[in-house]
Every structure is written in structure tokens, then in C-alpha cells.
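Have a look at the structure below before the remarks.
Each value in this text was obtained by applying a stated rule to the coordinates, not by laboratory testing. Quick caveat: nothing in here was measured; it's all calculated off a predicted structure. With ideal geometry, Cβ positions are generated from the backbone for all residues, glycine too; neighbour counts draw on all protein chains shown.
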Amino acid sequence: MRRCAALLLIIGAAGVCAALQIQCYQCEDVRQDECSSPEFIVNCTVNVQDMCQKEVLVLEDGIHYRKSCASSGACLIASSGYQQFCTGKLNSVCISCCNTPLCNGPRHKRRALSCAHTHTHTHLSLLTLIPLLCWR
């Protein structure tokens, strides 16, 4: 029975990971990627906005950025809908979606996996172990 209690505690801790808010950069129509500083960081709505979105527009006066929190469904639909307009040339519009904290900021070297990447796999693996270890 102790094994069951320990597993339930681990699963509870993994569940906390899913309830955390993702943070994203948020700004409207900013040039030169200026909105990747701390004052533009926002907490996204828990269980609604689970992704960060970044729009890059190439206009006559330069590159403009829009960054925000987004729901995965809305972001993925928008990014696929604008894929044909993502040319890098004048009037280009590129929309990208990501699901790790502050991932819509400037590009950095690859980091270790975040909670957002590991939670689903950890949670499902532990759930499949409970019947094997607890109810024998």
C-alpha cells in the first residue's frame, strides 16, 4: 500500500505541472523585436491559452512583430492559414506557435525540456503503472 501512496503523490506532483500558467511575450505592432524584454511578459489564461504566438510581418518600413498568448487550436489554425504568405519578402506574414514559457521571444540555444513537454508523457506513464503496482 505504501507504493500506491508514493505513486499517487508523484502523480499529484506531475498534475501540478499541468496547472501552471504559461508565460508569453505580448505586444502589438512593434518593430525590431523590441517586445522581448521583461515588461512585455504576461501570464496566459490557465487551461485556455496554452501556447505563445508570434507574428512576423515584413512591411515597407521594416519588420513588425505581434506576440501574444493563444489557445492551441486558434494558433495552429492561424499559422497553417498564413503559411502560404510566409515568404520573407515584402508583405510576408509568418505566424508561429510554441508551448514553452517565453518561447515567442528571441531565439536562444536549445534548453532542457520544460514542464509543458514532459507532463503528458510522465502522467500517462505513471497512470499505467498504478494497476500493476497497487492492485496485485
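What's the FRET efficiency of LEU20 with SER72 using the Cβ-Cβ distance as r and R₀ = 25 Å, to the nearest 0.05?
0.95
Compute the signed sum of charges (Lys and Arg +1, Asp and Glu -1) over the other residues within less than 14 Å, Cβ to Cβ, of SER96.
Every neighbour counted, the sum reads +2.
Does a label point 7 Å from the Cα of ARG31, set along Cα-to-beta-carbon, have any residues of segment 52-74 with amide nitrogen under 12 Å, and which are they?
Counting backbone N atoms under 12 Å from the label point, the list is 59-65.
Of ARG66, ARG107, how do they rank once you tally other Cβ atoms within 10 Å and put the fewest first?
So the residues, fewest neighbours to most, are ARG107, ARG66.
Give me TYR65, TYR25, TYR82 ranked fewest to most by other Cβ atoms within 10 Å of their Cβ, as a rough exposure proxy.
TYR82, TYR65, TYR25
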